[in-house]
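The values are calculated or read from the model by the stated rules, or taken from the named source; none is laboratory data. Predicted model, so just to flag it, every value in this text is computed and none were measured. Backbone-built Cβ (ideal geometry, glycine too); neighbour counts: all protein chains shown. For accessibility, only protein heavy atoms count, side chains too; no ligands or nucleic acids. Shrake-Rupley method; radii C 1.70, N 1.55, O 1.52, S 1.80 Å.
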Amino acid sequence: MMEPDDVAASQVAVAESAANMSPFLYETCFTLPTGKRIWTRFQGKPTKREDGAILWYGICVDITQLKTLEAELQARIKEIQETQKLISFNRKRCRHLGANGRWYCTRT
C-alpha cells in the first residue's frame, strides 16, 4: 500500500507529465501486506495516442537497497560532522607541546 501523502503527490507528478508531455520520475515507499516497506522508482515517457489518450512507457524498479545505503551514508556524514566539530573545539583550547607528541589542553 502506498502512503496516503504519496498517492496525492504521485497524481500531481503524473498530471504534470501528461500536461507537459515530459518524462515521469517518481520515488515512493510501499508497505507490503507482510508489513515490509519497500522503495520503488517509477520512470516513464508519455506518448499521446491517436484517440488523444496518454500512455506511458516505462519501468518500476525496487530501490530499497539504494535508499538504505543513502540513509546509512547520511548517518555517517552526520557522525563525521560531529567529530569535526569536536576536533575544531579541541584545537581551540589545546596546543601541541613539541616532538614528544603530547598535547596540553586548558579546561573551559
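Residue under question is residue 89, and the condition is that it be at pLDDT below 95, open to solvent by 50 Å² or more (accessible area, probe 1.4 Å) and not charged (D, E, K, R); does it hold?
Details: at pLDDT below 95: yes; open to solvent by 50 Å² or more (accessible area, probe 1.4 Å): yes; not charged (D, E, K, R): yes.
So residue 89 fits the description; yes.
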List pairs: first in the range 65-78 and in a helix (DSSP H, G or I), second surrounded by 11 or more Cβ atoms within 10 Å (Cβ to Cβ), Cβ under 6 Å, 6+ apart or cross-chain? 67/39
Assuming residue 79 fulfils every condition listed in (1) of a type in the set (Asp, Glu); (2) modelled with pLDDT of 95 or more; (3) under 18 Å from the mean Cα position of the chain (by Cα) apart from one, which condition is it? (2)
When you go through (1) assigned to a strand (DSSP E or B); (2) at pLDDT 95 or above one by one for residue 29, which number turns out not to apply? (2)
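Any residue at all in the range 44-62 that's aromatic (Phe, Trp, Tyr), open to solvent by 100 Å² or more (accessible area, probe 1.4 Å) and either out of contact with any Ser or Thr (no Cβ under 9 Å at 6 or more places or on another chain) or part of a strand (DSSP E or B) (or both)? Can you show your working first?
If we filter the range 44-62 for residues that are aromatic (Phe, Trp, Tyr), which is where we start, we get 56-57.
Still in the running and open to solvent by 100 Å² or more (accessible area, probe 1.4 Å): 57.
After this cut, where a residue has to be either out of contact with any Ser or Thr (no Cβ under 9 Å at 6 or more places or on another chain) or part of a strand (DSSP E or B) (or both) as well, the list is 57.
Yes: the range 44-62 contains one or more residues that are aromatic (Phe, Trp, Tyr), open to solvent by 100 Å² or more (accessible area, probe 1.4 Å) and either out of contact with any Ser or Thr (no Cβ under 9 Å at 6 or more places or on another chain) or part of a strand (DSSP E or B) (or both).
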Tally, over the range 1-38, of residues that are under 22 Å from residue 57 (Cβ atoms), in contact with a helix residue (DSSP H, G or I) (Cβ under 6 Å, 6 or more places away or on another chain) and either open to solvent by 60 Å² or more (accessible area, probe 1.4 Å) or aliphatic (A, V, I, L, M) (or both): 0
